[in-house]
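Scroll down for the structure; my scribbles are underneath it.
The values are calculated or read from the model by the stated rules, or taken from the named source; none is laboratory data. Everything numeric in this text was worked out from a predicted model, so none of it was measured. A quick note on method: Cβ atoms are made from the backbone with ideal geometry, for glycine too, and the neighbour counts reach across all protein chains shown. Ligands, DNA and RNA are excluded from the accessible area calculation, which covers all protein heavy atoms including side chains. Shrake-Rupley method; radii C 1.70, N 1.55, O 1.52, S 1.80 Å.
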Amino acid sequence: MKKIVILFSGSGTNLENIIKRLHGKELIVAKAITNNPEAGGIERARRYNIPVEIIDHRQFSEREEFDRELVASIKEVEPDLVVLAGFMRILTKVFTSAIPNAINIHPSLLPCFKGARALERSYASDMKVAGVTVHWVNEELDGGEIIDQSCFHRGDTMDFQEFERRIHSLEYELYPKVIRSLLTRGGPGTSGGESQ
Ligand code: GAR
């Protein structure tokens with residue numbers, strides 16, 4: 001079975017959703033790595049016996065140093081795909097040149113609302129559609145090539161809680177679908193491509 005590594009920083013609901021839907025069935029989540037020792041996702045991953053590694057970014061004085069440690073930890077398990085699920089760190093060339101097969105999910109229709117508080121900014125905007133994007137990771141924050149998106153049309157009366165709920169449910173559908181399709185059909189930087 002193909003192997004993935006999941007990177008996360010927060011509550012880890014996407015991490016848990018991927019584990020529940022795919023782990024042990026279509027792929028193996030070989031490891032989950034967080035930069036945040038307080039992340040709620042640690043407990044979630046451990047509940048499914050997924051090994052969790054904590055690499056606290058505050059222990060490193062430079063981004064590159066943190067990235068080197070992260071790359072070394074990822075390479076230990078040689079994953080077919082690296083999946084960022086709420087991983088809130090800007091990555092440097094140290095990461096992107098060593099790990100070309102990393103994808104991220106972002107809670108907006110990129111290229112709109114890159115960066116922090118995307119959900120809030122998307123809600124506050126006058127756009128009539130909202131959605132989520134899965135993209136390849138590069139050094140530009142939320143700037144890598146788009147792989148897939150899904151969206152909904154928002155009514156005039158939708159409150160923030162409902163908006164947030166809709167965004168998360170799109171994430172829970174789209175991310176496993178993209179991961180499955182990249183691992184089966186391959187794509188740039190994955191090892192799932194056709195052999196000649
Ligand atoms: C998700 O909504 C994800 O799209 C977002 O963080 C949340 C993590 O939630 N990621 C970004 O904003 C990346 N720029 P989770 O920890 O419950 O999966």
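Please go through region 165-184 and pick out each residue that is within 14 Å of the chain's Cα centre (by Cα) and within 11 Å of the ligand (Cβ to nearest atom). If the condition is that a residue be within 14 Å of the chain's Cα centre (by Cα) and within 11 Å of the ligand (Cβ to nearest atom), then H168, L170, E171, Y172, L174, Y175 are the ones that fit.
Taking residues in region 132-159 that are of a type in the set (D, E), and partners anywhere that are open to solvent by 50 Å² or more (accessible area, probe 1.4 Å) and modelled with pLDDT of 95 or more, the pairs with Cβ atoms closer than 6 Å and at least 6 places apart or on different chains are E139/K93; D142/K114.
Tell me, which residue of region 61-78 that is without any contact (Cβ under 8 Å) to a residue 40 or more places away in the chain and of a type in the set (D, E, K, R) is surrounded by the most Cβ atoms within 10 Å (Cβ to Cβ)? Selected residue: D67. Looking only at region 130-176, which residues are small (G, A, S), open to solvent by 20 Å² or more (accessible area, probe 1.4 Å) and closer than 27 Å to S97 by Cβ? The answer is G143, and nothing else. In region 25-50, of all residues being in a loop (DSSP other than H, G, I, E, B), surrounded by fewer than 19 Cβ atoms within 10 Å (Cβ to Cβ) and in contact (Cβ under 8 Å) with a residue 12 or more places away in the chain, the one that is nearest to the ligand (Cβ to nearest atom) corresponds to G40. Could you tell me which residue of region 5-22 is farthest from R117 (Cα to Cα), considering only residues that are within 15 Å of the ligand (Cβ to nearest atom) and assigned to a strand (DSSP E or B)? Residue satisfying both the conditions and the ranking: I6. Applying the condition of being closer than 16 Å to Y175 by Cα and within 16 Å of the ligand (Cβ to nearest atom) to region 79-100 and asking which residue is surrounded by the most Cβ atoms within 10 Å (Cβ to Cβ) yields V83.
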